[in-house]
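Below is one structure, written out as structure tokens, with a few remarks after it.
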Amino acid sequence: MSYYPPVAFHFKVEIGLDDLHENDVRFQEVSGLTRELGVEQVVEGGENRFEHRLPARGKFGNLVLKRGMLTESGVIKWIKDAIENFEFKPADVLVSLLDEEHNPLVSWTFVAAWPVKWSLGSFDAKKNEVVVETLELAYRYFTKVEK
């Protein structure tokens, strides 16, 4: 049996918020699924040739979601409350890569996510493009969901 790597364009995003609109979970791009191990450098007295490098805490990048701009959106209200009113309501976010039958192939849970940035793409009268909004979320950590 041959193995074919999954396609990157068939995915689903679920945000654990109340009052979401139907289009609130439709995104064109998800990025920022990164984790790395920090490195602590320790200097030893009398040793001038090198520093000791030891493993430290893990680090996670921000989750970045892109979509066509929505004028009515529960997610945008959540972001506005956080950025403008400093009212935070952390929510879990589930990102799933789907198979050809729309079933989750691999999923990741981003625990206690909160908005840190919202931006719009540029307006350009010379291009025929959709206005894209970018949502950037920080979170405590993420884990791969085991089946």
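Here region 70-144 has an Rg and Dmax of 15.5, 43 Å, counting Cα atoms alone.
Rg over Rh for region 52-112 works out to 1.10, both radii taken from alpha-carbon positions and Rh defined as the Kirkwood radius. Distance from the alpha carbon centroid of region 112-147 to that of region 22-72 works out to 16 angstrom. Binning at 10 angstrom from zero up to the longest distance, how are the C-alpha pair distances of region 1-41 distributed in percent? In whole percents, the pair-distance histogram is 18, 33, 26, 19, 5.
Here the label points at Glu72 and Asp92, each 7 Å from Cα along the C-beta direction, are separated by 2.9 nm in the simple model. In this label model, Trp108 and Glu47 are separated by 3.4 nm, measuring between points 7 Å along each Cα→Cβ vector.
Computed extension gain for Lys80 through Ala8, at 0.36 nm per residue and net of the alpha carbon distance, reaches 23.0 nm.
Secondary-structure-derived ellipticity at 222 nm for the chain, considering helices only, amounts to -2500 deg cm²/dmol, per-run term -39500 (n - 2.57) for DSSP H runs with n ≥ 4. Relative contact order of the chain: 24 percent, from C-alpha pairs under 8 Å at least 6 residues apart in sequence.
Using the Cα coordinates of region 1-88, the gyration tensor eigenvalues translate into equivalent-ellipsoid semi-axes of 40, 23, 9 Å, sorted from longest to shortest. Within straight-line reach of Lys59, meaning a Cα separation under 12 Å, sit the following aspartates and glutamates at least 8 residues removed in sequence or on another chain: Glu36. On a 0 to 90° scale, report how tilted helix 74-85 is relative to the longest principal axis of the chain, with both axes built from alpha carbons and the result rounded to the nearest 10. It is inclined by approximately 60 degrees. Taking every alpha-carbon pair in the chain and binning the separations at 5 Å intervals from zero gives 2, 8, 14, 17, 16, 12, 9, 7, 5, 4, 3, 1, 0 percent. Pairwise inverse Cα distances across region 78-118, averaged and inverted, put the Kirkwood hydrodynamic radius at 11.8 Å.
None of the figures in this text is laboratory data; all of them are computed from the coordinates on show. No experiment lies behind these values; they were computed from the predicted model shown. Don't worry about glycine lacking a Cβ; one is built from the backbone with ideal geometry, like all the others, and counts go over all protein chains shown.
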